[in-house]
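Quick notes on the structure that follows.
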Amino acid sequence: MQIFSKLLPVAVSVVETRTELDAGPRFWQEDQYVADAVEARQREFRTVRICARQALAQFGHGNHVLVPDKQRAPVWPPNIVGSMTHAAGLRAAAVASTGDFSGIGIDAEPHQALPAEVVDMILLPEEQRLASALQAEDPSIAWDKLMFSAKESVFKTWYPLARRWLDFLECEITVGQQPGVFTARILQVNPVHSGVDLSVLGGKWVSESRVGDGLLATAITVR
């Protein structure tokens, strides 16, 4: 099952894999960045960048070196926006031309409820009440984890444009009336960055299976 191709417009180049990859050129800058990491982290890091380069090849950047900046954000080629994610059993990248989109954010998470001890750090009281109400209506979805994933997609969209940190509690997620959609409202004083109004962002989500198994995925694009 290809998750993100269902969530993103056709103008976005998407590559995802369920297995670790090792094809294509190696770049010493990337190897050096994760040289001290455990082997599993090195494989994950390389695989998601192979996905990204395969997606970038559509735009003529198939050999782009993807070393994170000081804030650990990917540095994309000129005139390209993109996002990467990795979760247990999935690595994915999505890229597009800045002529089509100002920002992209994707995220995948294990389809499990948030640990109780972190809920207050991630979800606003209004979000917690909404998640509880939705859980009572449809217990097949881990609604609190869905909101967490949506916030991760928001941050990946927000940061390249704002270059400012966005706290979990500075973003309010509302799951839409339409199935598979959500809205994110940014609570910072100035949500306009790089000429783009980021005060309200709309996204899509999908669950691979019932809660406790598989993955949840979220995606945002800003035209």
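The values are calculated or read from the model by the stated rules, or taken from the named source; none is laboratory data. Since this is a predicted model, take the numbers as computed values, not measurements. Ideal geometry is used to build each Cβ from the backbone, glycine not excepted, and the neighbour counts take in all protein chains shown. Quick note on the areas: whole protein, heavy atoms, side chains included, nothing else; ligands and nucleic acids left out. Shrake-Rupley method; radii C 1.70, N 1.55, O 1.52, S 1.80 Å.
The table that follows gives values for the structure above.
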| item | result |
| --- | --- |
| Per residue, in Å², the accessible surface of the chain once ligands and nucleic acids are set aside, probe 1.4 Å | 49 Å² |
| Folded to 0 to 90 degrees: helix 143-162 orientation relative to the chain principal axis, Cα | 50 degrees |
| Helical mean residue ellipticity (222 nm; -39500 (n - 2.57) per DSSP H run of 4+; nearest 500) of the chain | -8500 deg cm²/dmol |
| Surface/4 of the Cα convex hull for the stretch 87-147, nm² | 5.9 nm² |
| Accessible-area value, K204, 1.4 Å probe, nucleic acids and ligands omitted, Å² | 100 Å² |
| Protein-only accessible surface order, largest first, of R26, R53 at 1.4 Å | R26, R53 |
| Within the stretch 140-213, GluC sites (Glu not before Pro) in DSSP loop having at most 16 other beta-carbon neighbours inside 10 Å | E208 |
| Angstrom value of the Kirkwood radius, inverse mean 1/r, which spans all Cα pairs in the chain | 17.9 Å |
| Percentage relative contact order, the chain, counting C-alpha pairs under 8 Å, at least six apart | 21 percent |
| Cα-Cα P(r), the stretch 129-223, percent of pairs per 5 Å interval | 3, 13, 25, 24, 16, 10, 6, 2, 0 |
| Accessible surface of the chain, 1.4 Å probe, proportion on carbon and sulfur as whole % | 53 percent |
| Scaled radius of gyration (Cα, divided by 2.2 N^0.38 Å) that the stretch 1-80 gives | 1.13 |
| Ranked order, H111, H86, H61 - accessible area, probe 1.4 Å, largest first | H86, H61, H111 |
| By accessible area with a 1.4 Å probe, ligands and nucleic acids excluded, highest first: order of M121, M84 | M121, M84 |
